[in-house]
1. Quick one: B:Gly86 ticks every box in (1) over 17 Å from the mean Cα position of the chain (by Cα); (2) buried (at least 22 other Cβ atoms within 10 Å of the Cβ) except a single one, so which number is it?
2. For A:Thr244, all conditions in the list (1) in contact (Cβ under 8 Å) with a residue 60 or more places away in the chain; (2) within 13 Å of chain B (Cβ to nearest Cβ); (3) more than 30 Å from A:Val102 (Cβ to Cβ); (4) not aromatic (Phe, Trp, Tyr) hold save one; what is the number of the exception?
3. Given B:Ala274, B:Ala335, which one is at the interface with chain A (Cβ under 9 Å from one of its Cβ atoms), under 28 Å from B:Gly137 (Cβ atoms) and among the small types (Gly, Ala, Ser)?
4. Examine segment A:107-116 for a residue that is of a type outside the set (A, V, I, L, M), away from chain B (no Cβ under 14 Å) and out of contact with any His (no Cβ under 8 Å at 6 or more places or on another chain), and state whether such a residue exists.
5. So, B:Val250, is that one within 17 Å of the chain's Cα centre (by Cα), closer than 18 Å to B:Pro96 by Cα and surrounded by 21 or more Cβ atoms within 10 Å (Cβ to Cβ) or not?
6. Just need a number here: residues in segment A:28-55 that are out of contact with any Leu (no Cβ under 7 Å at 6 or more places or on another chain) and within 19 Å of A:Ala141 (Cβ to Cβ).
7. Looking at segment B:338-361, which of its residues are of a type in the set (D, E, K, R), over 15 Å from B:Ala274 (Cα atoms) and either within 25 Å of the chain's Cα centre (by Cα) or within 14 Å of chain A (Cβ to nearest Cβ) (or both)?
8. What is the number of the single condition among (1) open to solvent by less than 30 Å² (accessible area, probe 1.4 Å); (2) in contact with a Leu (Cβ under 8 Å, 6 or more places away or on another chain); (3) modelled with pLDDT of 85 or more; (4) at the interface with chain A (Cβ under 10 Å from one of its Cβ atoms) that B:Val328 does not meet?
Amino acid sequence: MTRLLELLAVGLSLGMLYALIAMGFVIIYKGTRVVNFAQGSLLALGAYAVARIAPSAGFWAASVAGIVITVAGSLLIRFLLSRARGHDHMALAIATIGVDVVLTTELTRRIGPDVLSMLDPWGAATVRLGGVTVPQARIAAMAVAVVTLGLLLMLFRYTGWGVAMRAASADAEAASLMGIRLGRVATVSWMIGGALAAGAGVFMSTFPSAGLDSHASTIALAAIPAIILGGLDSTHGAIVGGITVGMAKSLTAGYGSELGFLGAGFGDVMPYVLMVAVLMWRPSGLFGTREFIRV
Amino acid sequence: MSDRTNLVSRVLPAVGLILALMVPFYLSGFWLLLGVMVMAAAIGAIGLSLLVGTAGQLSLAHAFFLAVGAYAYCWFAGAPGPGGGGITLTGLELPPLLAAVLAVATAGVAGLLFSPVAGRVRGLYLGLASLALVFLGQHLLFNLSSVTGGFNGRGVPELSVLGFELTGRDPELTLLGVPFGDRERQWYVALVCVVVASVFARRVLAGRPGRALVLMRENETAAGVVGVPVSRYKASAFVLSSMYAGLAGVLLAQAFQRVVPEYFGLVLSVEYLAMIVIGGLGSVTGAVLGAAFVTGLPSLLSHYSGLLTFLAEPGTSGVDPAVAARLVFGVAIVAVILLEPGGLVALGRRLRLAVRYRADAAGPGDPGSPPDPVGHSALPPQDMTTASS
């Protein structure tokens, strides 16, 4: 029982982090119709910047710097994509894969075989809550995620930018004719997307994980089942999908010995199995906009 | 002018083929191996280009289907026995040529199994969904160790016909004073495969299915209305591209002589995407050019790393040839999409037009009309879809 509770707690905290990453994908997609495959390398960039700056400036200042650097990086990608001839969304997505290759290669080279520490204030400390042991860093991550996601949902609902983004995502052409500045919607979407990636990158590299290693940019790929489960253009879907993926991973890994017939490391594959199952049933995810075609 | 174009389009491939046939008599093992790898990659890239460029369906699963082809061949043709790391391998010991055909078919079946998703899910969603196959594939390759040999991989049986090794050294053979070892033989096998694969792809694209796929890419509803069975065509395009990948996998396995799971990861999928984008989406020639660029670059950089002093030794923290190659093709993907979405093929076409314009302008009399501006549509259809219409 304790074990199940513990796995659920770990799954929930992991799930909230996936929700942050998934939200980054979804916001950029809603604002610009681009699937940003470079989200993974932005995540690694943020964490790398924090790990390099923290020894001299401390964790908090480094985190701010890391977020600023990552936002600058995502704005650079937005600028590059805006230079593209034509606006074929598949071509733009492929261009982000190119950016990802460059950034990941460079970061991997710089990190090398090292495991970089975030020098965060929580370290390896844990808390016992009703018989369940949870790392402090994960509790902090959950708190940050809940606050960030809550603020974002309010932003979409109540601010002018949020309305503009929803309008742009529903019908970019009509929104543009109604006077919504698509360029500004896109810029803010990329900024938020970058900041979310950086934040998730930092928490993904704190305890219980050992630190930032050269595989960091693949972490964001693990959030892809989350956005497909929820639906590419659904912010609520990103949260539900993220938590589902976190839970699935945690439970499959936790009961790995009982599920031994599925092979070692099945926990990492489980989200993809779920994703394919959902796609067979609903091709645009659980909460994604279904496309209706009228002739 | 059309006579000249016709002549060029007929003569050029023939000259290329003759040159390709002569290569093994003049070049050394390194170049032959590189050539075999490029040709194998070209076949895989043609398949992916059919899917992404023509049908407009993004797929990142290509590495998975390459793996299916490579490992299925090893399993069908391989002998049971002890593998590395205390693993007992299984195998059917079928005749290698039959095994190769079955391997391509297996890749097709694997594509077919995914077709409930591939047929219904469109564009970017499919690109994301296809990631599942890469990760699932890696998991299977590491865990189905009696088939794949697990972490250590598995040796690749030689391709042979009635005891004559098509890709090996047995029996020994010398032609015109040149000893015909495994690399020379692999070169010809790969050449035959790449010619057949590209001719077949051109036929498919120039015919009914090709036109239907282009129409589907442009407007799915319109395609449905004029009677194209959209889901079935999408699924078929996916299966066909998987079979191309399967064949590429069999040939690559011959070149490597040992297949290991690590090779068939996401990086490989991205490399294939890079090939078709850099070469020019939706074009057979582009796929071949892109395959040569992406496959050749790392090998060439490491081969000439002695001359390229700015490159570091592998294993040090500097920019080694592999890293440099990855940086170059990452930048190339972005640059192609930003500057010339038609890729190398469109660049070549533009260059040809510019040269012809100059020649016409310099010539006496007829000033000639200025060449048509080359369009910047992201997916140039000229090369294969309208060629024969």
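The values are calculated or read from the model by the stated rules, or taken from the named source; none is laboratory data. Source: prediction; values computed, not measured. Please note: Cβ atoms are built from the backbone with ideal geometry, for glycine as well, and neighbour counts cover all protein chains shown. When the accessible area is computed, the model is the full protein with side chains, heavy atoms only, and any ligands, DNA or RNA have been set aside. Shrake-Rupley method; radii C 1.70, N 1.55, O 1.52, S 1.80 Å.
1. Going through (1) over 17 Å from the mean Cα position of the chain (by Cα); (2) buried (at least 22 other Cβ atoms within 10 Å of the Cβ) one by one, B:Gly86 breaks only (2).
2. The failed condition is (2).
3. Numbers: B:Ala335 fails: under 28 Å from B:Gly137 (Cβ atoms).
Being at the interface with chain A (Cβ under 9 Å from one of its Cβ atoms), under 28 Å from B:Gly137 (Cβ atoms) and among the small types (Gly, Ala, Ser) holds for just one of B:Ala274, B:Ala335, which is B:Ala274.
4. No - not one qualifying residue is present in segment A:107-116.
5. So B:Val250 passes the test.
6. Within segment A:28-55, residues that are out of contact with any Leu (no Cβ under 7 Å at 6 or more places or on another chain) and within 19 Å of A:Ala141 (Cβ to Cβ) number 6.
7. Of everything in segment B:338-361, those that are of a type in the set (D, E, K, R), over 15 Å from B:Ala274 (Cα atoms) and either within 25 Å of the chain's Cα centre (by Cα) or within 14 Å of chain A (Cβ to nearest Cβ) (or both) turn out to be B:Arg349, B:Arg350.
8. (1)
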